[in-house]
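The values are calculated or read from the model by the stated rules, or taken from the named source; none is laboratory data. Computed from a predicted structure; not experimentally measured. Counting neighbours? That spans all protein chains shown, and the Cβs are built from the backbone with ideal geometry, glycine included.
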Ligand code: 13P
């Protein structure tokens, strides 16, 4: 059964580790992530962007697929199905479809409007037992065709949004989605420390997990980050392994064209990436 992310993140915050949110794109992705979380006895959050939800034929299809897999694969670790960077309308669609966790990303609205919409969703999610993530300070980079400049959140605004009663808070600290440019200056730990001090026990979320060096990840966790989002890294691993299979001519050997064989190296590569991240985040054996 899908669970809210509240309990797993509160435990992570108290235990000084982070739970990974891995974004899903299809059945193979979802299966690889769930099997790896189960293998390592780690709680896990499956992230679904609105674009990925559309690609997978709508949020109801996603809920049906994930619920079926939890049963079919015999998954026992806590799993949250989470809308990633949801719009106001998207949030309501996912609540109705049966997601167990929602991110409402109002970071592009003026802070008053972000607060008003987040406040409304806090009440709805609380009533239904869902976790809610809010965002302050837009995360840079490209996601679903939207390019953000990468803001650094104002700790006072973070405190205002945290006080609305959200479950977890994403704050821009120089992190971006996708690969980091060669001249990236790194995470703004001064801002993260200031936010942490203001919001106290509230679990913080680090977006753009792809390509952040291990020492920065560990430092971010020590400063209150309890959820780390990873998307691009699984995509790169999948693509590289699939390219290798085809370039080696394996699809031309025997039944190598069978999609169950053709997509297997990519799925294994996703599993390896998820294993590495779970080890780095420290969530193994915390289920
Ligand atoms: P990356 O694609 O950079 O790993 O970011 C993922 C993310 O933050 C999803 O919200």
Of the residues 236, 192, only one is more than 13 Å from the ligand (Cβ to nearest atom), at pLDDT 95 or above and either in a helix (DSSP H, G or I) or surrounded by fewer than 16 Cβ atoms within 10 Å (Cβ to Cβ) (or both); which? 192
Do we have any residue at all in segment 256-273 that's modelled with pLDDT of 95 or more, closer than 30 Å to residue 10 by Cβ and out of contact with any helix residue (DSSP H, G or I) (no Cβ under 6 Å at 6 or more places or on another chain)? yes
Looking only at segment 178-189, count every residue that is more than 16 Å from the ligand (Cβ to nearest atom) and in contact with a helix residue (DSSP H, G or I) (Cβ under 8 Å, 6 or more places away or on another chain) and tell me the total. 1
Within segment 205-216, residues away from the ligand (no atom under 12 Å from the Cβ) and touching a residue at least 60 places away in the same chain (Cβ under 8 Å) come out as 214
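One line per residue, one yes/no per condition, for (1) closer than 30 Å to residue 186 by Cβ; (2) in a helix (DSSP H, G or I):
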position	(1), (2)
106	yes, no
109	yes, no
114	yes, yes
119	no, yes
123	no, yes
138	yes, no
141	yes, no
Filtering segment 243-283 down to residues that are touching a residue at least 60 places away in the same chain (Cβ under 8 Å), part of a loop (DSSP other than H, G, I, E, B) and either in contact with a strand residue (DSSP E or B) (Cβ under 8 Å, 6 or more places away or on another chain) or surrounded by fewer than 18 Cβ atoms within 10 Å (Cβ to Cβ) (or both) yields 283
Looking for something surrounded by fewer than 24 Cβ atoms within 10 Å (Cβ to Cβ) and away from the ligand (no atom under 16 Å from the Cβ) - is there at least one such residue anywhere in segment 133-151? no
